[in-house]
Amino acid sequence: VSHQRTDWISIHSHICHLLIPVLGPQPCFHSEKDRKHGKEQLLRRQESLIAVALSTAQGFVWAGKPLEAIPAALQALRFSSRVFGSGSAQLVPIYLLLAEASTG
């Protein structure tokens, strides 16, 4: 229960409203133009979610609360891996942030 509370305080209260459109069922588009627009919109939402999670994690680290940064950094890593791929260089700052948060 304590880890759920930490998770809620850390990140979920900030991104809960962003998760539904990203993780929920995606609409079925009939035209190529609509499909392209839908993909672009989903990408923007995912990038927004990543930005919120990353800035939240950084804020906790800078505030001297590294353990509270970990759930937010993990969410940033999860969605960045989906968007950019697991081997992307864009994951490096998140891994560094996780390392810093883990060492306290």
Next item on the list: May I ask you to list pairs of residues, at least six apart or on different chains, whose Cβ atoms are under 8 Å apart, with the first in region 5-22 being on the phi < 0 side of the Ramachandran plot and at pLDDT 70 or above and the second being in a helix (DSSP H, G or I) and among the aromatic types (F, W, Y)?
Entry: V22/F79
Margin query: For region 32-39, check the following and say yes or no: at least one residue is loosely packed, with under 11 Cβ neighbours inside 10 Å, out of contact with any His (no Cβ under 9 Å at 6 or more places or on another chain) and closer than 28 Å to A101 by Cβ.
Written below: no
Checklist line | Pairs, first without any contact (Cβ under 8 Å) to a residue 40 or more places away in the chain and closer than 22 Å to P71 by Cα in region 25-53, second hydroxyl-bearing (S, T, Y) and surrounded by 12 or more Cβ atoms within 10 Å (Cβ to Cβ), C-beta under 7 Å, six or more apart | finding: I50/S80
Next item on the list: May I ask you to list the residues in region 62-88 that are more than 8 Å from the chain's Cα centre (by Cα), surrounded by fewer than 20 Cβ atoms within 10 Å (Cβ to Cβ) and assigned to a helix (DSSP H, G or I)?
Entry: W62, P66, L67, S81, R82, V83, F84
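The values are calculated or read from the model by the stated rules, or taken from the named source; none is laboratory data. Since this is a predicted model, take the numbers as computed values, not measurements. Please note: Cβ atoms are built from the backbone with ideal geometry, for glycine as well, and neighbour counts cover all protein chains shown.
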